1. Hey, could you check region 59-73 for residues that are more than 19 Å from Gln40 (Cα to Cα) and of a type in the set (A, V, I, L, M, F, W, C) and say which is surrounded by the fewest Cβ atoms within 10 Å (Cβ to Cβ)?
2. Kindly state which strands (runs of 3 or more DSSP E) lie completely within region 1-44 and contain at least 1 residues that are surrounded by fewer than 11 Cβ atoms within 10 Å (Cβ to Cβ) and out of contact with any Cys (no Cβ under 9 Å at 6 or more places or on another chain).
3. Find all pairs meeting these conditions: Cβ atoms under 7 angstrom apart; at least six residues apart or on different chains; first residue within region 1-17 and within 25 Å of Glu63 (Cα to Cα); second residue at pLDDT 90 or above and among the hydroxyl-bearing types (Ser, Thr, Tyr).
Amino acid sequence: MCMAIPGEVVELLPGSGDQLAMVDVAGVTRPINIGLLDGQPLAPGDWVLIHVGFAMSKVDEQEAVEALRMLELMGRSTD
């Protein structure tokens with residue numbers, strides 16, 4: 001089973017050919033490859049689903065918050 005984690009775009013990285021963005025994932029900011037979203041405009045504040053360092057799709061904030069809540073619940077069930 002593959003799982004994507006939501007992250008919020010903080011900054012589009014200049015000089016990356018529109019391929020990288022800094023994305024906040026649960027309080028940790030890291031560069032994410034956004035090349036697979038070609039054709040979908042991104043801006044700071046947008047949310048994406050990330051899998052192994054690649055943004056797989058753009059989602060709205062409500063969907064991202066729901067996904068984060070589900071991940072939190074899954075983490076609690078293993079305690």
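The values are calculated or read from the model by the stated rules, or taken from the named source; none is laboratory data. No experiment lies behind these values; they were computed from the predicted model shown. Note: ideal-geometry Cβ built from the backbone for every residue, glycine included; neighbour counts use all protein chains shown.
1. Going through region 59-73, the residues more than 19 Å from Gln40 (Cα to Cα) turn out to be 65-73.
Keeping just the survivors that are of a type in the set (A, V, I, L, M, F, W, C) gives 65, 67-68, 70-71, 73.
Numbers: Val65: 13, Ala67: 17, Leu68: 16, Met70: 11, Leu71: 15, Leu73: 9.
Here the residue is Leu73.
2. Details: elements: 5-12, 20-25, 28-33.
The qualifying strands (runs of 3 or more DSSP E) are 28-33.
3. Note: pairs meeting the criteria are Val10/Thr29.
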